[in-house]
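A.B. asks: I have a structure here, written as structure tokens, and I will follow up with some questions on it.
The values are calculated or read from the model by the stated rules, or taken from the named source; none is laboratory data. Because the structure is a prediction, the values reported are computed rather than measured. We place every Cβ from the backbone using ideal geometry, glycine too, and count neighbours over all the protein chains shown.
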Amino acid sequence: MDDLERAILDYVRREYLEEDDDRQVGLETPLITGGIVDSFSMVSLKRFLERKNDIEIPDAEATPAAFDSVRSIAALVRRVAARRVPV
């Protein structure tokens with residue numbers, strides 16, 4: 001697990017799981033289809049990723065499939081960051 005995946009995983013655990021929630025969340029855990037992240041949560045997660053990584057994730061790429069696991073979210077962030085034009 002790299003730093004990006006760790007940051008996403010920590011955020012998901014902190015923001016979307018209750019203290020008494022015994023679900024285990026890992027890199028491949030289904031977040032949206034598993035009911036951990038909903039459409040409103042996805043927006044806040046997108047904003048967190050954009051601020052933390054100084055990127056703008058196009059709405060067309062912020063799909064439920066792209067946000068369904070920590071690993072797929074990290075891949076999306078890496079793709080968007082790779083396209084960023086340095087100022």
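A.B. asks: Output the residue which, of all residues in the stretch 6-47 that are of a type in the set (Asp, Glu) and part of a loop (DSSP other than H, G, I, E, B), is farthest from the chain's Cα centre (by Cα).
C.D. replies: Ranking the qualifying residues of the stretch 6-47, first place goes to ASP20.
A.B. asks: Can I ask one more? Return yes or no: is ALA66 part of a loop (DSSP other than H, G, I, E, B) and either at pLDDT 95 or above or surrounded by fewer than 10 Cβ atoms within 10 Å (Cβ to Cβ) (or both)?
C.D. replies: Taking the combined requirement at face value, the residue satisfies it.
A.B. asks: Please state which of the following conditions ARG78 fails to meet, knowing it meets all the rest: (1) within 19 Å of GLU15 (Cα to Cα); (2) in contact (Cβ under 8 Å) with a residue 24 or more places away in the chain; (3) part of a helix (DSSP H, G or I); (4) charged (D, E, K, R).
C.D. replies: (1)
A.B. asks: Same structure again: Which of the residues belonging to the stretch 48-63 are surrounded by 14 or more Cβ atoms within 10 Å (Cβ to Cβ) and outside any helix (DSSP H, G or I)?
C.D. replies: Selection gives ILE55, ILE57, ALA62.
A.B. asks: If you scan the stretch 40-75, which residues turn out to be under 18 Å from LEU27 (Cβ atoms), free of Cβ contacts under 8 Å to residues at least 24 places away in the same chain and of a type in the set (Ser, Thr, Tyr)?
C.D. replies: The answer is SER72, and nothing else.
A.B. asks: When the residues of the stretch 16-28 are filtered to those that are out of contact with any helix residue (DSSP H, G or I) (no Cβ under 7 Å at 6 or more places or on another chain) and not basic (Lys, Arg), which remaining residue is surrounded by the most Cβ atoms within 10 Å (Cβ to Cβ)?
C.D. replies: Among those that are out of contact with any helix residue (DSSP H, G or I) (no Cβ under 7 Å at 6 or more places or on another chain) and not basic (Lys, Arg), it is LEU17.
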